[in-house]
Amino acid sequence: MKILAINSQLEQKHFDLIKAEAASLGHEVHIYSVEAEIPQSDYDADIIYGFAPSIVKTSKNLKWLCVPWAGVDSLMVPGYFANEACMLTNSAGAYGVSIAEHMIAVALVMMRKLDEFMAETKNGQWLSPRPQRSLKDCRITVLGTGDIGTTFAKRARAFEPAAIIGVCRSGKSSEAVYDKVLPVSELDSILPQTDLLAMSLPATPETRGILSRDRLSLLPQGSYIINVGRGSAIDEDALADNLENNHLAGAALDVFQTEPLPQNHRLWKTKNLLITPHVAGNMSLAYTRDKNVQMFIEDLKNFTEEKPLHYLVDRRLGY
């Protein structure tokens, strides 16, 4: 079978590994940095590791698309695949480490007011200490207990929080890191007991607008929010209002309803808001790149041996 590997962020060692493993399984691999490089003669590929919309939307020969990122909401549009039987896998398990570290970093920046101190010292100011908050004894709610949320919870546990409560669709988790796991139907009951709300939800009809204006009001005065999942999960205007009126002490957003965030958007000037341009994940860490490739190779073996793909996306659920 013909495999197209399309990625500008991988190193030569990764492509060499993919080629070697594919050859051992009887497949041929064609390497490209971007979709524009792919000749028409390769539009008959059986497998794509990467992304090539022009092929996905036109080729009925494509049997499996493995995207090197986690979110697949943009691919859930009916009729997007020319071959509706084409299997779709993502790389959700590759980003937990990178995104969890980002979440810990922004939590500490907000709670220890490091952004304020750094801004002042850059201006040559040496000001007095001010009240700060700690992850120790913090009541943490993790909304979305998949790979990202759970990897964050494991790292947050080292800071000795008062509790880490998980909230997910099923209300179940095999991970011992959580003090308790609740179904989304009980979200309203735990928000008033939350000092730090860490969100890592996929984009689905159920998660859209899940943190509404009413739910934001349930959070305690002086609480914090981190969102690294999808921007569609939060009412952005309501969030800005709650930051401006000091109901919330801070928020850190890596994802937004519209990306890039428009230049005239009010969030740019909202106080106590940390903005990062969707960089918590990506393939910027060596670990992430290595893990990403390992996951594809694992499922390539499964595909060749006609076994179930481990990272198969359930299109009914959207993840």
Once you put a point 7 Å from the Cα of VAL279 and another 7 Å from the Cα of ALA20, both along the Cβ direction, what distance in nm separates them?
3.3
Considering the dipole of the stretch 1-155 built from charges on the beta carbon (Lys and Arg +1, Asp and Glu -1) around the Cα centre, which of VAL142, THR89, PHE15 is farthest to its positive end?
VAL142
Whole-Hz ³J(HN,Hα) for each residue in the stretch 50-67, computed from phi via Karplus 6.51 cos²θ - 1.76 cosθ + 1.60 with θ = phi - 60°, x for glycine and proline: what do you get?
x, 7, 8, x, 4, 7, 4, 7, 10, 8, 8, 8, 5, 9, 8, 10, 10, 8
Please list 3J(HN,Hα) in residue order for the stretch 120-129, calculated via the Karplus relation 6.51 cos²θ - 1.76 cosθ + 1.60 where θ = phi - 60°; whole Hz, with x for glycine and proline.
5, 5, 5, 8, x, 9, 10, 9, 6, x
For the stretch 170-319, the charge dipole (Cβ of Lys, Arg +1; Cβ of Asp, Glu -1; about the Cα centre) points to a positive end, and the Cα of PHE256, SER185, SER217 closest to that extreme belongs to PHE256
Report, as a whole number in µm² per second, the diffusion coefficient that Stokes-Einstein gives for the stretch 97-235 at 10 °C and 1.306 mPa s using the Kirkwood radius over alpha carbon pairs.
102
To the nearest 20 debye, what is the magnitude of the charge dipole of the chain about its Cα centre, counting +1 on the Cβ of each Lys and Arg and -1 on the Cβ of each Asp and Glu?
640
Length gain on complete extension for the stretch ASP137 to GLN9, per 0.36 nm per residue less the alpha carbon to alpha carbon distance?
42.1 nm
Cβ charges +1 (Lys, Arg) and -1 (Asp, Glu), total dipole of the stretch 113-270, debye:
300
Could you state the accessible area per residue of the stretch 96-179 in Å², with a 1.4 Å probe and every protein chain left in place?
53
For the stretch 1-77, list log₁₀ I(q)/I(0) at each q in 0.20, 0.24 Å⁻¹, using the Debye formula over Cα point scatterers of equal strength and ignoring solvent, two decimals each.
-0.88, -1.23
Cα→Cβ-extended label distance, 7 Å offset, between GLN40 and ASN302, nm:
3.6
Amide H proximity to VAL181 below 5 Å, modelled H, separation 5+ or other chain, gives GLY166
With the dipole of the chain worked out from charges on the C-beta (+1 for Lys and Arg, -1 for Asp and Glu) around the Cα centre, which of SER174, ILE3, ALA198 lies farthest toward the positive end?
ALA198
Hey, of (1) 33, 22, 17; (2) 30, 23, 18; (3) 39, 21, 19, which did the structure itself give for semi-axes √(5λ) of the Cα gyration tensor in Å when calculated?
(3)
In whole Hz, what ³J(HN,Hα) sequence does the stretch 27-41 give by Karplus (6.51, -1.76, 1.60; θ = phi - 60°), x for Gly and Pro?
10, 10, 10, 10, 9, 9, 7, 9, 4, 4, 7, 6, x, 4, 5
Going through the cross-link list LYS57/LYS307; LYS63/LYS307; LYS13/LYS307; LYS63/LYS291; LYS154/LYS180; LYS2/LYS291, which pairs have a Cα-Cα distance over 19 Å in this structure?
LYS57/LYS307; LYS13/LYS307; LYS63/LYS291; LYS2/LYS291
Given a 1.4 Å probe and heavy atoms of the protein chains only, how would you sort LYS122, LYS13, LYS172, LYS63, largest accessible area at the top?
LYS122, LYS172, LYS13, LYS63
Whole-percent carbon and sulfur share, accessible surface of the stretch 201-319, 1.4 Å:
50
Two-site FRET efficiency, ASP237 against LYS172, from Cβ-Cβ distance with R₀ of 35 Å, rounded to 0.05:
0.55
With +1 assigned to the C-beta of every Lys and Arg and -1 to the C-beta of every Asp and Glu, and no other charges, what is the dipole magnitude of the stretch 30-164 about the Cα centre in debye, to the nearest 20?
800
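The values are calculated or read from the model by the stated rules, or taken from the named source; none is laboratory data. Model, not experiment: these values are computed from the prediction. Methodologically, a virtual Cβ is constructed for each residue, glycine included, from the backbone with ideal geometry; neighbour enumeration extends over all protein chains shown. Note: accessible area is taken over every heavy atom of the protein model, side chains too, but ligands, DNA and RNA are not part of it. Shrake-Rupley method; radii C 1.70, N 1.55, O 1.52, S 1.80 Å.
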